[in-house]
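**Q** I have a structure I would like to understand better, so I am pasting it below and will then ask my questions one at a time.
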Amino acid sequence: MRDTPPDKDTRDVPLTPVATQADVVKETKALERRLRREKAMTAHLTKQLSKARKEADLYRNSTSWRITAPLRWVMERMSPSARNAESSEIYPKSADTITGYTYPPAKSPVLVCEAGTTPDPAAAGWLAVILHAYYPDLLPDMLRALERAGCPIKLYVSAPPGQADRVRALIEPLGLPFMLYECENRGRDMASFLMLLRAVEADRAPIFLKLHTKTSGHLENGREWRAEILEDLISASTPAAALAEFAADSTLGILAPEGHVLSLPAYMGGNQEIFDRLAARLNLPVPPPEQAAMFVAGSMLYARTEVFAPLLSLGLSASDFAPEANQLDTTLAHALERVSGPLTHAAGMRVATIEHPDAPPEILGEGAFRFL
């Protein structure tokens, strides 16, 4: 009869951490979000493929289709630019401005209210939230989510004329420190972003979250786009988790929503000329190096303040942006959206996504982004 071997000594074997119920719930929700995105992407690519097949069939079977194909290609890519260029022609041309035009002076922003105490700049772990509240009806859901941020925050808010009192009434009950400005409707969220970024820098906030009440009414799935971005950026405790990622990695410059990092060449649209002028003033290479040729679509993201601080050196104000005319492309605001990747690279940092902060982002090429 063989001797029974002694029991293995387990004193030095590390214990496997047991996942808590909260961990399981969090991971389950993340997987559900990923599954929804993958299903939506599959549907989008299937639709694109079907469209391409129909065009191919028409091309094969129609002489006129073959003859007019070059014209259609030009019109599909240039018509937004042409429309916006035509609207710009009513303004005087200027070699001194980034857009190439001089616009009527905009009204200066007005500080409506400032309340609460700004977190100590020396204290780690607080977040500046830059929020353009053009559509106050969309604000309550965002504010409820920010109440569950899991970290100290201060709000830097802009509102259009006539809406500041309404926005203030929504913000004050939260008891959070905030600054509220009333701004003319110029430059969408970008003109107000530059103004509020200056206040964030003055408060020495190292990290900010940029949000706006996006609608994208020209898109059938604009509401879905807003919901997906906000779910990624401000679901429960995500702000606190984002701050922890920045604290742990000094090379992290931007955290973007998953699936919203686009190829700059593929999605430049009609913004090349303004982008080139903007890059020249920022001393950014044109074209940008391959590792910088990306941007965050929708311009909602977490970022280090130092990444975007060079924009303040341009001295831009609302007067540098064209008056609102429902432009879809070819504006200073659209060009500024596309400079996020080059700015991050110039700062010696990298872009990542909320779900994969340690990895290079998946950069979507032409036709792969379903919200354009």
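Matching residues to (1) crowded, with 16+ Cβ neighbours inside 10 Å; (2) in contact with a Ser or Thr (Cβ under 8 Å, 6 or more places away or on another chain); (3) modelled with pLDDT of 95 or more:
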site	(1), (2), (3)
258	yes, yes, no
262	yes, no, yes
280	no, no, yes
283	no, no, yes
286	no, no, no
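**Q** Which of the residues spanning the range 134-170 are buried (at least 20 other Cβ atoms within 10 Å of the Cβ), of a type in the set (Phe, Trp, Tyr) and modelled with pLDDT under 95?
**A** Result: 134, single match.
**Q** Scan the range 171-179 and give yes if some residue there is acidic (Asp, Glu) and surrounded by 17 or more Cβ atoms within 10 Å (Cβ to Cβ), otherwise no.
**A** No, every residue in the range 171-179 fails to be acidic (Asp, Glu) and surrounded by 17 or more Cβ atoms within 10 Å (Cβ to Cβ).
**Q** Now a separate question. Of the conditions (1) more than 29 Å from residue 205 (Cα to Cα); (2) hydroxyl-bearing (Ser, Thr, Tyr); (3) in contact with a strand residue (DSSP E or B) (Cβ under 8 Å, 6 or more places away or on another chain), residue 330 clears all except one; give me its number.
**A** Residue 330 satisfies every listed condition except (3).
**Q** Right, next: Working only within the range 288-301, note down all residues that are surrounded by fewer than 16 Cβ atoms within 10 Å (Cβ to Cβ) and not polar (S, T, N, Q). Explain how you work it out, then say what you get.
**A** First, the residues of the range 288-301 that are surrounded by fewer than 16 Cβ atoms within 10 Å (Cβ to Cβ): 289-291.
Residues satisfying the conditions are 289, 290.
**Q** Before we move on, is residue 74 outside any loop (DSSP other than H, G, I, E, B), closer than 26 Å to residue 208 by Cα and either more than 23 Å from the chain's Cα centre (by Cα) or at pLDDT 95 or above (or both)?
**A** Here the answer is no, as residue 74 does not meet what is asked.
**Q** Moving on to the next point. Are there any pairs, at least 6 apart or on different chains, whose C-beta atoms fall under 9 Å, with the first in the range 345-367 and free of Cβ contacts under 8 Å to residues at least 40 places away in the same chain and more than 17 Å from residue 300 (Cα to Cα) and the second small (Gly, Ala, Ser) and surrounded by fewer than 19 Cβ atoms within 10 Å (Cβ to Cβ), and if so, which?
**A** Matching pairs, first to second residue: none at all.
**Q** Another question, if that's okay. Only residues that are acidic (Asp, Glu), assigned to a loop (DSSP other than H, G, I, E, B) and farther than 28 Å from residue 283 by Cβ: list them for the range 92-141, please. Talk me through it step by step, then tell me what you get.
**A** Applying the first criterion (acidic (Asp, Glu)) to the range 92-141 yields 96, 114, 120, 137, 141.
Now restrict to residues that are assigned to a loop (DSSP other than H, G, I, E, B): 96, 120.
The answer is 120, and nothing else.
**Q** Name the residue that is nearest to residue 145 (Cα to Cα), counting only residues in the range 180-217 that are surrounded by fewer than 20 Cβ atoms within 10 Å (Cβ to Cβ) and among the hydrophobic types (A, V, I, L, M, F, W, C).
**A** 199
**Q** Testing residue 309 on (1) farther than 21 Å from residue 363 by Cα; (2) buried (at least 21 other Cβ atoms within 10 Å of the Cβ), one condition comes back false. Which one is that?
**A** (2)
**Q** Of all residues in the range 219-256 being of a type in the set (Val, Ile, Thr) and at pLDDT 90 or above, which is nearest to residue 361 (Cα to Cα)?
**A** 254
The values are calculated or read from the model by the stated rules, or taken from the named source; none is laboratory data. The model shown is predicted, which means the values in this text are computed figures rather than measured ones. Backbone-built Cβ (ideal geometry, glycine too); neighbour counts: all protein chains shown.
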